[in-house]
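A short write-up of the structure that comes next.
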Amino acid sequence: MVTSRPWLHGFLDLCLLAMLGERSDYGYGLSQRLAAAGVADVPGGTLYPALLRLEQQGLVEPHWAASGSGPRRKYYALTAAGHTALAEQGADWRRFRDGIDALVGTPVEGSAR
Amino acid sequence: MSPDPDDDGWPARFEAELVRLGQHPARARALAQESVDQAVEAGSDADRLLGPPHLYARHLVSELNDVPAPPGVGGPPAPGRVLLRLADVGKRYRRRVVLAGVDLTVRAGEVAAVVGANGCGKSTLLRICAGLTRPTSGTVERTRRVGLVPQDGGTAPWLTAAEHFTLFGAAAGLAPRRARSTGEHLAARLSWRPAAGQPAQDLSGGTRQKLNLVLGELHSPDLLLLDEPYQGFDQGTYLDFWRQVVAWRDAGRGVVVVTHLLHDLRHVDQVLDLGSRPGARVAAVAR
């Protein structure tokens, strides 16, 4: 289940860095992981420019690999600068998340979802 | 059956729009190929996955242009090697002093504007930069590959745009086909598609200036010298022109542009003000 709210805006880069920190991946793989995590259905027109931007910033590094079928795939891996950015943005995110949690509070036990 | 002009496909239209927006043709080609691959891997077509080609091109370019370049990675290079250096240059015609004590250094990745009142020697200075006029005093060093776009044009009235491309290309050692396709690429960046068979004398003043601009850049010069190249341009073309200047700079070329429009100056790195009298002052402006 994917949230319908536009919450991802501003956090897409962080999500991409985090997923690539786990393992290198290609565009479509990343979009499926985002969807599977229930975070967002990111349109290709948003995802691919974001990846190119990270590449241009030197945070990720592409390499090409053959796929079982179809065209070769452009895989991305985190660079050292990417790991640093991930650590910094991850800390920002946790501060932000804790702040929101404090404002929204915790759901009452047993409340309907 | 003639081919439908709208049917040249998503990648071609995407690539053309990227080029028009100032991306390097090779980069545009690579991005188009990448987008096609992305559509295939997503089991979709490019239009469904990424949207209409011209809109996606603009979105992509604005995303990439917003990036503050980290040191040493991508982005416009820091000003580099010296492409042009004038030291204490002066020019006299008999008793009349046209220029005196002009210093100007232009490096790769820089745009310099030359401003001043009519008759202050702007065009003479540009000709000195190009090596067409010898200064009376001072020294000039310049890179080998220089492109000059003169104000009054150097086009032949009875030749078509394609013939100009071929002719000027031949002077730079380009094969005719390559010269023509390069010329058409460059024209497209100025939103101009030369009509076959139309001689230059039948072009509007603005379009003839576009032809001049394309001819000045046809041989990929490292240093471009432009003498008010936008006379007769409409607003849209004028913006295309400045986008192009910025793209040249970001591609590591040097540009000297003679201008009298002061609002142009936000695009430039340095201003050489020739004033109304001989004797030059250089002012640096923030980018």
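No lab work stands behind these numbers, since they all come straight from the coordinates. Bear in mind that the values here come from a model prediction, so they are computed numbers and not experimental data. Glycine gets a Cβ as well: all are built from the backbone with ideal geometry, and neighbour counts include every protein chain shown.
Give the value in nm², to one decimal: projected area of the alpha carbon convex hull of the protein assembly as shown, averaged over all directions.
27.0
Just how large is the dipole of segment A:7-104 about the Cα centre, in debye to the nearest 20, putting +1 at every Lys and Arg Cβ and -1 at every Asp and Glu Cβ? Don't skip to the answer; put the middle values down first.
Working: 9 positive and 10 negative charges, 57 e Å.
Dipole about the Cα centre, nearest 20: 280 debye.
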(Q) Compute the angle between helix B:161-171 and the longest alpha-carbon principal axis of chain B, please, reported from 0 to 90 degrees and rounded to the nearest 10. (A) 60
**Q.** Span per principal axis, largest first, for the Cα atoms of segment B:10-64 (Å)
**A.** 30, 19, 18
Q) Build a GNM of chain B with springs between Cα atoms under 10 Å: which of B:ALA113, B:ALA161, B:ALA46 gets the top mean-square fluctuation? A) B:ALA46
Q. If you bin every alpha carbon distance in segment A:7-104 into 10 Å steps from zero, what whole percent lands in each bin?
A. 15, 46, 30, 7, 2
(Q) Quick check: pseudo-label points 7 Å beyond the Cα along Cα→Cβ at B:ALA156 and B:HIS24, how many nm apart are they? (A) 3.3
Q. Relative to the longest principal axis of chain B, what angle (0 to 90°, nearest 10) does the C-alpha long axis of helix B:235-250 take?
A. 80
Q: With r as the distance between the Cβ atoms of B:HIS59 and B:ARG266 and R0 = 25 Å, compute the FRET efficiency 1/(1 + (r/R0)^6) and round to 0.05.
A: 0.55
Q: Using only the alpha carbons of segment B:90-183, determine the length spanned along each of the three principal axes and report them from longest to shortest in whole angstroms.
A: 47, 31, 21
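Okay, helix-only estimate at 222 nm for chain B: each DSSP H run of n ≥ 4 adds -39500 (n - 2.57), divide by all residues, round to 500 deg cm²/dmol; what do you get? Each step should come with its number before you reach the end.
Details: 9 runs with 109 residues, N = 287.
Dividing the helical sum by the residues of chain B leaves -12000 deg cm²/dmol.
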Q. Spin-label point model (7 Å from Cα, Cβ direction): what's the B:ALA175 to B:ALA117 distance in nm?
A. 5.5
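Counting DSSP beta bridges with both partners in the protein assembly as shown, what percentage is antiparallel, nearest 5? Display every interim value, and only then the final one.
On the way: 26 of 43 bridges.
Antiparallel bridges: around 60 percent, rounded to the nearest 5.
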Q. Which of the lysines could be linked to B:LYS210 by a straight reach, that is with a Cα gap under 24 Å, when you skip same-chain ones fewer than 8 residues away?
A. B:LYS122
Q | Kirkwood Rh, Cα atoms: Rg over Rh of chain B | A | 1.01
(Q) Can you tally the net charge around B:LEU31? Count Lys and Arg as +1, Asp and Glu as -1, for every other residue whose Cβ sits under 14 Å from the Cβ of B:LEU31. (A) +1
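So if I place +1 on the C-beta of Lys and Arg and -1 on the C-beta of Asp and Glu, and nothing else carries charge, what would the dipole magnitude of chain B be about its Cα centre? I want it in debye, nearest 20.
Numbers: 34 positive and 31 negative charges, 390 e Å.
That gives chain B a dipole magnitude of about 1880 debye.
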Q. Against the longest principal axis of chain B, how steep is helix B:53-65, in degrees 0 to 90 to the nearest 10, with axes from Cα atoms?
A. 50
Q.
Averaged over its residues, how many other protein chain Cβ atoms are within 10 Å of peptide A:37-45's Cβ atoms?
A. 3
**Q.** Label point distance in nm, B:ARG145-B:LEU167, each placed 7 Å from Cα along Cα→Cβ
**A.** 2.4
